[in-house]
Amino acid sequence: MAHLDPLPAESTPELSEDFALFEQILGFVPNSLLTMQRRPAMVRAFGELTRSVMDPDGDVDLGFMRLIAHFASRAAGCQYCEAHSLVAAQIHGISQEKLDAIWDYASSPLYSEAERAALDFALAAGAVPNGVDGAVMDRMKKHWTENQIVQILGAVCLYGFLNRWNDSMATDLEDSPRSMGERVLRRGGWTGGKHVG
């Protein structure tokens, strides 16, 4: 059960455009932002950061950026964000077949060597203490440009904020991410944790 209840989206009409961004990303306004709207400037700033990191004109596929977010959230242990990021990945073009193979990414033919390097990087970058070392970065540089590495790390850091927010607030998980977690993540031990009632 959430430590603070989310407020209705209509509580802060001036955030309607910001909320619309997240409806495009997820298909709904997440409880995290409905709780955060108690400080409207935070929602606006988070929306601006999201637009910058998840830039459709960036050099990394937006669906794959959501897989990066998933692996960073997995490293941090935020079950809310683990499920959310997979819903967003699917909305942005990652097939259900590829999502279903997420636990086997290291060996599945659905994942390329470049993707494996980036997902391992996200696990290392999302861990505490941080696990990015010279070998991890050298592997990234074999497959990704410097601009792409910056964008990928941006996704890790964006979700680092969300991981701390949602785990600290015990944000209640909405229906579609909960269904995604039960379908895809349960095999790896995902339960929804504090985010399900």
>> Return the pair list, or none, for Cβ contacts closer than 6 Å from residues in region 19-32 that are over 20 Å from Met1 (Cα atoms) to residues that are surrounded by fewer than 20 Cβ atoms within 10 Å (Cβ to Cβ), at least 6 apart or on different chains.
In response: Phe19/Ala9; Leu21/Gly47
> Which of the residues belonging to region 176-197 are surrounded by fewer than 16 Cβ atoms within 10 Å (Cβ to Cβ) and either under 15 Å from the mean Cα position of the chain (by Cα) or within 17 Å of Gln96 (Cα to Cα) (or both)?
Replying inline: Ser179, Glu182, Arg183, Arg186, Arg187, Gly188
> Hey, among the residues in region 148-175 that are in a helix (DSSP H, G or I) and charged (D, E, K, R), which one's surrounded by the fewest Cβ atoms within 10 Å (Cβ to Cβ)?
Replying inline: Asp175
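Go through region 48-128 and tell me which helices (runs of 4 or more DSSP H), entirely inside it, have 3 or more residues that are under 15 Å from the mean Cα position of the chain (by Cα) and within 21 Å of Thr171 (Cβ to Cβ). Don't jump to the end; show me each part of the working.
On the way: elements: 62-76, 79-91, 96-100, 113-126.
The qualifying helices (runs of 4 or more DSSP H) are 62-76, 79-91.
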> When region 91-119 is examined, which residues are found to be farther than 19 Å from Ile25 by Cα and among the β-branched types (Val, Ile, Thr)?
Replying inline: Ile102
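Please determine, by comparing only the residues of region 75-121 that are among the acidic types (Asp, Glu), closer than 12 Å to Val184 by Cβ and in contact (Cβ under 8 Å) with a residue 12 or more places away in the chain, which one is surrounded by the most Cβ atoms within 10 Å (Cβ to Cβ).
The initial filter retains those residues of region 75-121 that are among the acidic types (Asp, Glu), namely 82, 97, 100, 104, 113, 115, 120.
Restricting the remaining residues to those that are closer than 12 Å to Val184 by Cβ gives 82, 97, 100, 104.
Cutting the leftovers down to in contact (Cβ under 8 Å) with a residue 12 or more places away in the chain gives us 82, 97, 100.
Details: Glu82: 30, Glu97: 9, Asp100: 14.
So the residue we want is Glu82.
Every read-out reported here was derived from the displayed coordinates using simple, explicitly stated rules and does not represent laboratory data. None of these values were measured; they are calculated from a predicted model. Quick reminder, even Gly has a Cβ in these numbers, built from the backbone with ideal geometry, and neighbours come from all protein chains shown.
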